[in-house]
Amino acid sequence: MTTALVTHADCLRHTTPDGHPERTERLAHVLHALEPLALQKVTAPEVTREALLRCHPETYVDAILAREPSSGITQIDGDTWMSPGSGRAALLGAGAAVKAVDLVLGGQVGNAFAAIRPPGHHAEKETPMGFCLFGNAAIAAKHALGAHGLHRVAVVDFDVHHGNGTQDILWDEDRALVITSQQMPLWPGTGAETETGPHDTIVNVPLPPDSDGAAMRKAYIDKVFPRLEAFAPELIIISAGFDAHRDDPLAQLNWDEEDFVWLTAELCAIAARTCGGRVVSTLEGGYDLTALAQCAKVHVQKLIEAAK
């Protein structure tokens, strides 16, 4: 089996102000790093209205798309902006995650990586924030449950910032296990261990500032992997943020490339034992361009190895 790379050039048309960390160059660097790899390249479609509305109210979707300016850029919250093309980029980002689910669950590929922007894991049901407009990983999870009839889907988010949007959207969904590790304290300020959800399907793993990959590995071995194995997901969705790297300018964790290699390999091994290796990964944060590109590359290399 192969690994799919699902992306679209129009994700590069979403522009932000000069100096903004979530910039076009992020995706360009990732795609350049992935170019030599043996991937099945798939052009992302726009997400369907049906898939969007499983996670966001229609009034929210319409309001977000209506905020797209005809020229220039407009600020829609403290650090989230839209430009001409941002609405389509956001629809393509969510569509890439959904297409990746379709490819993996349809048996056309072993696993898939959605290389997209804007990211999604901070977008709550009715609130854009943290560079995010639509909840890509949550939309993918709800699509797997609603359109494919799965009974158990796990989302694992290793971005350095808490995936508050994914948690908000899937809070009441007893068929979804949401596991997030994040630096704490750090923006957005959510993600305490006490946030477990009404069905005990939310698992938060706070990590202290200046902790390293060894601390992360222990936390995942002790707290994450046992919950994931016990849940026995039929699909694992990864919110793959690479901003826990020691060189990232927005946080203070000290992971290196080998930590992302280890974590990806371990998640793929659990997927092999529980769900036939079915993994969908979608790009979230990572703001040092060199670290982002290299960590995304080694992450996808591990997906390729796991799919063989």
Exercise. Residues PHE231, PHE242: which one is touching a Cys at 6+ places or on another chain (Cβ under 9 Å) and aromatic (Phe, Trp, Tyr)?
Worked result: PHE242
Exercise. Are any of the residues in the stretch 168-185 among the polar types (S, T, N, Q), out of contact with any helix residue (DSSP H, G or I) (no Cβ under 6 Å at 6 or more places or on another chain) and surrounded by fewer than 24 Cβ atoms within 10 Å (Cβ to Cβ)?
Worked result: yes
Exercise. Quick one: in the stretch 280-292, which of the residues that are among the aliphatic types (A, V, I, L, M) and within 24 Å of MET1 (Cα to Cα) is farthest from the chain's Cα centre (by Cα)?
Worked result: VAL280
Problem set entry | Scan of the stretch 20-59 for residues that are closer than 14 Å to THR7 by Cα, of a type in the set (Lys, Arg) and free of Cβ contacts under 8 Å to residues at least 60 places away in the same chain, ordered by number | LYS41
Seminar exercise, completed: Residues of the stretch 263-308 being on the phi > 0 side of the Ramachandran plot and in contact with a strand residue (DSSP E or B) (Cβ under 8 Å, 6 or more places away or on another chain), in sequence order, are GLY277, GLY286
Problem set entry | Scan of the stretch 227-249 for residues that are of a type outside the set (D, E, K, R) and either more than 24 Å from HIS151 (Cβ to Cβ) or buried (at least 24 other Cβ atoms within 10 Å of the Cβ) (or both), ordered by number | PRO233, LEU235, ILE236, ILE237, ILE238, SER239, ALA240, GLY241, PHE242, ALA244, HIS245, PRO249
Exercise. Listed residues ALA66, ALA90; which is of a type in the set (Gly, Ala, Ser) and surrounded by 24 or more Cβ atoms within 10 Å (Cβ to Cβ)?
Worked result: ALA90
Exercise. Within the stretch 147-255, which strands (runs of 3 or more DSSP E) (wholly inside it) include 1 or more residues that are under 18 Å from the mean Cα position of the chain (by Cα) and of a type in the set (Phe, Trp, Tyr)?
Worked result: none
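Read-outs: derived from the displayed coordinates by stated rules, not from any lab. What you see is a predicted model, and the numbers here were worked out from it, not measured in a lab. Neighbour counts are summed over all protein chains in view; Cβ atoms, including those assigned to glycine, are modelled from backbone coordinates with ideal geometry.
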